[in-house]
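Down below is the structure, laid out as structure tokens.
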Amino acid sequence: LNLSMITRLDLSYNNLAELTPDIQLMVNLENLWLNGNPLKAIPSEMQHCRKLKVLDLRDTLVEAIPREIGRLKNLFNIDLRGTPLCEELDPFKGSTEELLGYLEVKDKRTNIAIEMEDNLLAAKYLETADMVEGGIVVSALVKAVCAQFPEMDELKNCARNADRLFPDRYASPVELRKLFHQNPFDGPAMKRKKWRVIAERISEKEAVKLKVSYVKLRRENEMVKLSADMELKISAIYYDNHDPTDIEGWLKSIYSCFTPQNYVDEGRKDCPDLEDIKFIIQHATRIFPTVPTDITGPLIRKSMLDLQQKLTEDREKCVKGIISSISAIYSDREPPQVVKLARDVARLFERDRFATEKELEDLKKISADASLLFPAEFDSADPKSIKK
């Protein structure tokens, strides 16, 4: 029997308790009925049935779905009615799309974790890789670190920089033996159990410290990139009207005015230094002085703050224009209701921390065409519909 030729397979009510991994040989399988069987699991090898569209698991004993099933791009219907699905997957029981989306993310994160652990054991922790304690602590570290990075992109970046971010102390056999004391009366199983508890406790603390180091490293890398962007922007503004060797000094002066202390001195609790540097690059022609020799850090910071204040005031002026326009339409409503509607609409046009020219232009149009855009009945006014 050529299994690769099968496209439809009905195994329902066959008293099947197990599905053979050979299911992977059915590469052209599109429909699979397994309903009504005492089946407790489906093999991860089913990921190779890439043409599978329908998987019927009704009234089986399946509690979990292998993460690899999230790789099946053609699968649009997994029927799980009447199954004792585990708590982790139960919220997705009624939606194949959401279930596959969850499994796909889980699969990708698991693969990143596996690769990260393998790479660490093959390089940074090579000396302790053959020790039982070494394998246990690295596994616990990777698990704890992954929990600190819920965003996929950040987890990928962490994995790429794992050799720099993960702690060095666990690469030493001597250090590991200090941490994992051995009781001569403990058997191998008891040792592993105790070591796992120690490893989990250590890893939780190390993961928090690693996240701090990661944020610092990311900011440093971002700052390097922004420095290069600003250098290009300065060169473009002043072209051949400056000495290129002066740029390094100007950048140093500018960055010295964007430290946490600068924000504290202004009475602020936040420190959006990277965002402010990006703002300067974006609005460089409006912030930098006409003559390059006038460039100083304090001047650039003041010009930036002045422009940010102006854009904030321009945004607020446009919002008040909308409030004024729709107040006439909804004269029977309390002012706070009208104000909230206007601000909800205006907020949909925000593209950045500070108003852009396009945003201000759109808000002015909303104000001017309010009688056409806003419905006569206040209760029918939906900000998203108005924006369209």
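The values are calculated or read from the model by the stated rules, or taken from the named source; none is laboratory data. What you are looking at is a predicted structure, and each value in this text was computed from that prediction instead of being measured. Here the Cβ is made from the backbone with ideal geometry for all residues, glycine too, and neighbour counts use every protein chain on show. Surface areas here come from the heavy atoms of the whole protein model, side chains and all, with no ligands, DNA or RNA. Shrake-Rupley method; radii C 1.70, N 1.55, O 1.52, S 1.80 Å.
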key: Lone qualifier among Ser44, Ser12 - being hydroxyl-bearing (Ser, Thr, Tyr) and under 14 Å from Asp79 (Cα atoms)   = Ser12
inquiry  = Can you report the number of residues in segment 357-380 which are touching a residue at least 24 places away in the same chain (Cβ under 8 Å) and open to solvent by 20 Å² or more (accessible area, probe 1.4 Å)?
reply    = 7
First in segment 172-191 and under 21 Å from Tyr125 (Cβ atoms) and without any contact (Cβ under 8 Å) to a residue 60 or more places away in the chain, second anywhere and of a type in the set (Asp, Glu) and open to solvent by less than 50 Å² (accessible area, probe 1.4 Å), Cβ under 8 Å, 6 or more apart = Leu176/Glu133; Arg177/Glu133; Leu179/Glu133; Phe180/Glu133
query = Would you say Glu115 is within 23 Å of the chain's Cα centre (by Cα) and either without any contact (Cβ under 8 Å) to a residue 40 or more places away in the chain or closer than 28 Å to Ala64 by Cβ (or both)?
reply = yes
inquiry  = Given the criteria open to solvent by 20 Å² or more (accessible area, probe 1.4 Å) and within 30 Å of Met190 (Cα to Cα), does Gly135 qualify?
reply    = yes
Residue among Glu115, Glu127, Glu68, Glu88 that is surrounded by fewer than 13 Cβ atoms within 10 Å (Cβ to Cβ) and of a type outside the set (Lys, Arg) = Glu88
task = Sort out which residues of segment 233-242 are exposed (fewer than 12 other Cβ atoms within 10 Å of the Cβ) and on the phi < 0 side of the Ramachandran plot, and write them in order of number.
result = Ala236, Asp240, Asn241
key: Residue in segment 197-217 that is within 27 Å of Leu311 (Cβ to Cβ), touching a residue at least 40 places away in the same chain (Cβ under 8 Å) and open to solvent by 60 Å² or more (accessible area, probe 1.4 Å) present   = no
query = Of all residues in segment 14-25 being over 36 Å from the mean Cα position of the chain (by Cα) and open to solvent by less than 60 Å² (accessible area, probe 1.4 Å), which is nearest to Ile69 (Cα to Cα)?
reply = Leu19
message = So Lys302 passes all but one of these: (1) closer than 20 Å to Cys271 by Cα; (2) touching a residue at least 40 places away in the same chain (Cβ under 8 Å). Which condition number does it fail?
response = (2)
inquiry  = Based on this model, can you work out whether Thr245 counts as part of a loop (DSSP other than H, G, I, E, B), over 30 Å from Gly135 (Cα atoms) and open to solvent by 80 Å² or more (accessible area, probe 1.4 Å)?
reply    = no
message = Filter segment 217-265 down to the residues that are touching a Lys or Arg at 6+ places or on another chain (Cβ under 9 Å), under 14 Å from Ile277 (Cα atoms) and among the aliphatic types (A, V, I, L, M) and list them by number.
response = Leu226, Ile254
inquiry  = Out of everything in segment 249-280 that is open to solvent by 70 Å² or more (accessible area, probe 1.4 Å) and assigned to a helix (DSSP H, G or I), what residue ends up being farthest from Ala355 (Cα to Cα)?
reply    = Lys252
inquiry  = Among the residues in segment 129-151, are any among the aromatic types (Phe, Trp, Tyr) and more than 15 Å from the chain's Cα centre (by Cα)?
reply    = no
